[in-house]
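Engineer: Can you keep this structure in mind? I'll have questions shortly.
The values are calculated or read from the model by the stated rules, or taken from the named source; none is laboratory data. Owing to the predicted nature of the structure, the values given are computational and were not obtained by experimental measurement. Positions of Cβ are generated from backbone atoms using ideal geometry, with glycine treated the same way; all protein chains shown enter the neighbour counts.
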């Protein structure tokens, strides 16, 4: 009888004193293990074609051993996410890589340890692994493969990543990705080249308010933000620069005002009067009195 694997105290092994004959319980072969055996008989022919690498159909809970030392770690919440995905899929979408121990149906997982750990937590009893035989892979070669799988990887283009992510409409599938949406949208901006102001005719508007006037402006603008508008044509001119300037010009002409700050305060005063009117006239009618979304200037 083969020597039993010692129980690993590091928590990295998923085999704790597992039997040398996998799937045996009280001398009776389990149906799952019997199905795995049948699959592996079919793999024998396939493995001749794809050598030196081979494929095996294994029980993650009894046939696999995780690394004792693994520099590649996964945060707990990410492992939980991975486990939930595996539970839903009922399989690993990326195949782990292993070294098969000589004379045993035991596989030392050198790449895909977190995936295999998630498979165990998800209760999977059958899973594919790709492997090399122990006699075809030295210990140092196994270490090199392990480290290369962890270190040789690409980086994401944040803009393209967000563009692809936005194609998802199902919230469950967004959660499935494991991506942090807040971090994704933090990069949702465009870098614009510097503009040479000498190439353009620039108009500068400056406003200076007393503390009391500024407090009243904030109050009116807050009230306007809570107002519902009937259509896109009824939007406030304050959010459209061209309409804002055109309306301010009308206010200055009709009220005989030359100062921009005074004109803006006059616009605030007009808004305040409109907001004070009875609301049963409808939100859209407020804008209509201003001539297609413009503020009333009389």
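Engineer: Name the residues in the range 155-165 that are more than 23 Å from residue 77 (Cα to Cα) and part of a loop (DSSP other than H, G, I, E, B), would you?
Structural biologist: 157
Engineer: Residue 261 is checked against (1) within 20 Å of residue 208 (Cβ to Cβ); (2) modelled with pLDDT of 85 or more and fails just one. What number does that condition carry?
Structural biologist: The single condition residue 261 does not satisfy is (2).
Engineer: Considering 266, 273, which residue is loosely packed, with under 13 Cβ neighbours inside 10 Å, part of a helix (DSSP H, G or I), modelled with pLDDT of 75 or more and over 42 Å from the mean Cα position of the chain (by Cα)?
Structural biologist: 273
Engineer: Determine whether residue 159 is more than 24 Å from residue 71 (Cα to Cα), modelled with pLDDT under 95 and touching a helix residue (DSSP H, G or I) at 6+ places or on another chain (Cβ under 9 Å).
Structural biologist: Answer is no for this residue.
Engineer: So how many residues does the range 99-129 have that are part of a strand (DSSP E or B) and touching a residue at least 40 places away in the same chain (Cβ under 8 Å)?
Structural biologist: 9
Engineer: Still on this model: Any residue that is out of contact with any strand residue (DSSP E or B) (no Cβ under 7 Å at 6 or more places or on another chain), surrounded by 13 or more Cβ atoms within 10 Å (Cβ to Cβ) and closer than 27 Å to residue 41 by Cα - is there at least one of those in the range 162-176?
Structural biologist: no
Engineer: Sticking with this one: Of all residues in the range 240-263, which are over 48 Å from the mean Cα position of the chain (by Cα) and closer than 14 Å to residue 206 by Cβ?
Structural biologist: 258, 259, 262
Engineer: Give the residues of the range 103-113 that are farther than 13 Å from residue 63 by Cα and in contact with a helix residue (DSSP H, G or I) (Cβ under 6 Å, 6 or more places away or on another chain), sorted by residue number.
Structural biologist: 110, 111
Engineer: In the set 39, 56, which member is in contact with a strand residue (DSSP E or B) (Cβ under 8 Å, 6 or more places away or on another chain) and modelled with pLDDT of 90 or more?
Structural biologist: Working: 39 fails: modelled with pLDDT of 90 or more.
56 is the lone residue from the list that is in contact with a strand residue (DSSP E or B) (Cβ under 8 Å, 6 or more places away or on another chain) and modelled with pLDDT of 90 or more.
Engineer: Please name all residue pairs, on different chains or six or more residues apart, with Cβ atoms under 7 Å, provided the first residue is in the range 45-70 and is over 19 Å from residue 92 (Cβ atoms) and the second residue is exposed (fewer than 11 other Cβ atoms within 10 Å of the Cβ).
Structural biologist: Matching pairs, first to second residue: 68/10.
Engineer: Could you say whether any residue in the range 60-81 is part of a loop (DSSP other than H, G, I, E, B), farther than 22 Å from residue 143 by Cα, in contact with a helix residue (DSSP H, G or I) (Cβ under 8 Å, 6 or more places away or on another chain) and assigned by TED's automatic domain parsing to the domain that holds residue 141?
Structural biologist: Yes: one or more hits.
Engineer: Moving to a separate point now. Can you name every residue in the range 170-218 that is outside any loop (DSSP other than H, G, I, E, B), closer than 30 Å to residue 265 by Cα and at pLDDT 80 or above? Let's see the steps before the verdict.
Structural biologist: At the first step, the residues of the range 170-218 found to be outside any loop (DSSP other than H, G, I, E, B) are 171-176, 181-186, 197-199, 211-218.
The next check asks that each one be closer than 30 Å to residue 265 by Cα; those that pass are 197, 211-218.
Correct list: 211, 212, 213, 214, 215, 216, 217, 218.
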